[in-house]
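Undergrad: Here's a structure for you.
The values are calculated or read from the model by the stated rules, or taken from the named source; none is laboratory data. Quick caveat: nothing in here was measured; it's all calculated off a predicted structure. Here Cβ is always computed from backbone atoms with ideal geometry, including for glycine, and neighbour counts include all displayed protein chains. To get the accessible areas, we keep the full protein, side chains included, count just its heavy atoms, and leave off ligands, DNA and RNA. Shrake-Rupley method; radii C 1.70, N 1.55, O 1.52, S 1.80 Å.
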Amino acid sequence: MSTIKGTAVGPGLAIGPVHVVRARPDVVPIFTIRSEEIDGEVERLHEALLVATEQLTRQEKLVADGAGEKDARILAVHRMILQDPRALSTVDARIRDERLNAEAAVQSLIDGLHVTLDKLEGNSVRGYAADVSEPWHIVLDVLLQRDRELMTAAEDRVILAAAELTPQVVTFLGRDRILAIVTETGGRFSHGAVLARAFGMPCVVGVPNLLARLEQNLQMLVDGDAGTVQLDPDQESIDRFLERRQRRDARQEALGIHAELPSVTPDGRRLGVSVNMESIRDIGTFDVEHCDGVGLLRTEFLYMERSQFPSEEEQFRLYRRVVDAMGTRPVTFRTLDIGGDKQLPYFKTPSELNPALGWRGLRVTLEWQDLMRVQLRAVLRASAYGNVRLLLPMVTSLDEVLAVREVLTGVRTQLRDQGYEVADHVPLGVMIEVPSSIWVLDHLVRSVDFVSVGSNDLVQYILAVDRDNPFVSKLYEPQHPAVIRALAEIARISRDAGKPCSVCGEIAGDYAMALLLLGMGYDDLSVAPNFLAEVRYAIRHSPFSEAEELVRNALQLESPGAVHRLLAQVRERLHRREIESQKELSGGDGES
Ligand code: PEP
Ligand code: MG
């Protein structure tokens, strides 16, 4: 039994059996299997070998029919390689003697083949090394795929453990099957982390050597508040953990009452609190009455859940469902923001050395305007049924906004000509997530109806710290004075221009940061549904004058650490108020 410290990413406490995810074929997980699982694991290997052999036979026939027997010969050789008893017994032994999972055992065979053959001289020998290992790569792919199929068919709820926190890991199973997610690496603000929080999953990243310490199905405690995991806990630890979870649930329930009340400070300042949505399945996971709308709908995740581009009709139906569910509340559709770690399986963008600085967001859709037109048509058609807004990601200059406006005007005219009903006014907003957009914000605000800060990207671009790169994750500091000043400046310019401004990046869900944003003059925040109650509670218990003073103090500070300390004081103050109000409610004898 041991407790390991990582980084807290998604709050909450979970207990359950571990399942190691083999979601990314290029990251082969290595972990120990239990002795009673050895036979099953060897069976998995043999089944995968059969499937790979069948695949090769099918391919061989296809090639023979199309290109001729000679070209098909290599596939016959691949099949024979898989029948080599020495290779098979090597893999078998790794599973039985070292208790390795089948994927790791196959990977180690592949590595061994390369080491042996790399020692030999000559290009033709190296080419032979590739040939010898190639069929084993097919076995590896089959194993990874079979794991997904087996897990999808099972019913139990599990804690997912993986090498890296990617969107693929978070969506590996239905969200009702995932108790928590734990990974070896991953940024706190990567898209995987954003999804985990959005789905309300406790999540801890940066757990050193996690997979090497794990056995499949091992019992684990995940503390997403403190950022720790405990492997194979004893009964006493489990009991203490369950007790804490009960207290936590009771607090969440008490806070939930505030989610129903207006998010207005005691001295009368209102700060709207909306939700971020990633999937159509988010409908029903939060109470519509508890939020002021959808402040950010990341439409790319709707695209990612499909096997080809959704048609206009499909998009319209999905968008309409969200609009209908939200009634008169606004729904902010962000146009497709792909690139970087948000890839569509059916739209391969070129591999880039610096994807964060590359072809993503508006840069893709302005170049592939057909994509943009189809999406705008679907959004505008949905606008006839509710309160719809459009938001543009990765804006760097006014030209881009004007280019979108032109497309938008064309699409609107076309739709009207075709007899579709479209709302008279669909507000258009820009995301501020690239530093250049702050310097030209005074121009941008004249051409848009609202401003929304994507702090996840803004922080990475201001600080030159890749939000997905675990090697620099410690440098990713939303509390950096440069970020604090940028945030204050964005609010000031927007308000001077009379344009509403909001923050939809992850910082808005941190209630202490939310109070800072309140003091800066932001009109709205958009947060993962899980954070609605806490943020609304904080607003209802903090005078605006106090938040303004907080901003004045924060703007004087010289280091991220100093801002952290200031925000820690805010949390303490609010915690004391919470205890006081509990005491009042329970007639003066509430417990802390
Ligand atoms: C952001 O960058 O803050 C944002 C909201 O967009 P995403 O996290 O999807 O990049
Ligand atoms: Mg962004």
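Undergrad: Placing +1 on the Cβ of each Lys and Arg and -1 on the Cβ of each Asp and Glu in the chain, which of 168, 19, 3 has its Cα farthest towards the positive end of the resulting dipole?
TA: My answer, from the dipole projection, is 168.
Undergrad: Given Cα pairs under 8 Å that are at least 6 residues apart, what percent is the relative contact order of the stretch 136-211?
TA: Dividing the mean separation by the residue count of the stretch 136-211 yields 29 percent.
Undergrad: Carbon-plus-sulfur fraction of the accessible area of the stretch 35-153, 1.4 Å probe, in percent?
TA: Answer for the stretch 35-153: carbon and sulfur cover 54 percent of the accessible area.
Undergrad: Something else now. Placing +1 at every Lys and Arg Cβ and -1 at every Asp and Glu Cβ, with all other atoms neutral, what dipole size does the stretch 35-153 have around its Cα centre, in debye to the nearest 20? Spell out each step's value before the answer.
TA: Values: 14 positive and 24 negative charges, 74 e Å.
Roughly 360 debye for the stretch 35-153.
Undergrad: With the contact rule set at Cα under 8 Å and sequence spacing of 6 or more, what percent relative contact order holds for the chain?
TA: It comes to 14 percent, rounded to a whole number.
Undergrad: While we're here: Return the equivalent ellipsoid semi-axes of the stretch 35-153 as a descending list in whole Å, where each equals the square root of 5 times an eigenvalue of the C-alpha gyration tensor.
TA: In descending order, the three semi-axes are 26, 20, 10 Å.
Undergrad: Same structure again: Net charge near residue 525: determine it from the other residues with C-beta under 12 Å of the C-beta of residue 525, scoring Lys and Arg +1 and Asp and Glu -1.
TA: Taking every Cβ under 12 Å from that of residue 525, the sum is -4.
Undergrad: Would you work out which of 494, 290, 456 lies farthest towards the positive end of the dipole of the chain, given +1 charges on the beta-carbon of Lys and Arg and -1 on that of Asp and Glu, about the Cα centre?
TA: Value: 494.
Undergrad: With r as the distance between the Cβ atoms of residue 77 and residue 253 and R0 = 60 Å, compute the FRET efficiency 1/(1 + (r/R0)^6) and round to 0.05.
TA: It comes out at approximately 0.40.
Undergrad: When a/c reaches 1.5 or more, the comparison of a/b and b/c decides; with that in mind, is the stretch 207-269 rounded, prolate or oblate per its Cα gyration tensor?
TA: prolate
Undergrad: Another question, then. To the nearest Å, what is the center-to-center distance of the stretch 437-468 and the stretch 134-176, using C-alpha atoms only?
TA: Rounded to whole Å, the Cα centres lie 36 Å apart.
Undergrad: Which value in Å is the Kirkwood Rh of the stretch 392-445 over different Cα pairs?
TA: Evaluated over the stretch 392-445, this radius sits at 12.4 Å.
Undergrad: In nm, to one decimal, how far is the modelled label at residue 568 from the one at residue 69, with both set 7 Å along Cα→Cβ?
TA: Roughly 7.8 nm, to one decimal.
Undergrad: If you average the alpha carbon positions of the stretch 502-563 and of the stretch 328-381, how far apart do those two centres end up, in angstrom?
TA: Rounded to whole Å, the Cα centres lie 29 Å apart.
Undergrad: Suppose the chain between residue 580 and residue 145 were pulled fully straight at 0.36 nm per residue; how much longer would it get relative to their current alpha carbon spacing?
TA: Separation in residues times 0.36 nm, less the Cα-Cα distance, equals 151.2 nm.
Undergrad: Now a separate question. Under unit Cβ charges (Lys, Arg +1; Asp, Glu -1), what dipole magnitude, rounded to 20 debye, does the chain have relative to its Cα centre? Walk me through the numbers on the way to the answer.
TA: Details: 67 positive and 88 negative charges, 221 e Å.
Magnitude of the dipole: close to 1060 debye.
Undergrad: Let me ask another. What's the local net charge at residue 190, with K and R +1, D and E -1, over the other residues with C-beta under 13 Å away?
TA: -2
Undergrad: For all pairs of alpha-carbon atoms in the chain, what percent lies in each bin of width 20 Å, listed from the first bin to the last filled one?
TA: Bin by bin from 0 Å, the calculated values are 18, 47, 28, 6, 0.
Undergrad: Sorted by accessible area with a 1.4 angstrom probe, largest first, how do 136, 439 fall?
TA: Largest accessible area first, the residues go 439, 136.
Undergrad: Based on the mean of other Cβ atoms within 10 Å per residue, sort peptides 450-459, 8-17 so the most packed one is first.
TA: On the way: 450-459: 25.8, 8-17: 21.6.
In descending order of packing, they fall as 450-459, 8-17.
Undergrad: For the stretch 207-316, build the charge dipole from Cβ charges (+1 Lys, Arg; -1 Asp, Glu) around the Cα centre, then report which of 207, 307, 217 sits farthest towards its positive end.
TA: Checked the options; the winner is 207.
Undergrad: Same structure again: Could you give the accessible area per residue of the chain, probe 1.4 Å, as a whole number in Å²?
TA: Per residue, the chain has 44 Å² of solvent-accessible surface.
Undergrad: Loop only per DSSP, at most 10 neighbouring Cβ atoms within 10 Å: give me the trypsin sites (Lys or Arg not before Pro) in the stretch 263-344, ordered by residue number. Don't skip to the end; give the middle numbers.
TA: Values: sites: 269, 270, 281, 298, 306, 317, 320, 321, 334, 342; in loops: 269, 306.
Filter output for the stretch 263-344: empty list.
Undergrad: Which net charge results for the neighbourhood of residue 556, defined as the other residues with beta-carbon distances under 15 angstrom from its beta-carbon, given Lys and Arg at +1 and Asp and Glu at -1?
TA: Net local charge, residue 556 excluded: 0.
Undergrad: How much length, in nm to one decimal, is gained on full extension between residue 285 and residue 35, taken as 0.36 nm per residue of separation minus their Cα-Cα distance?
TA: 86.0 nm
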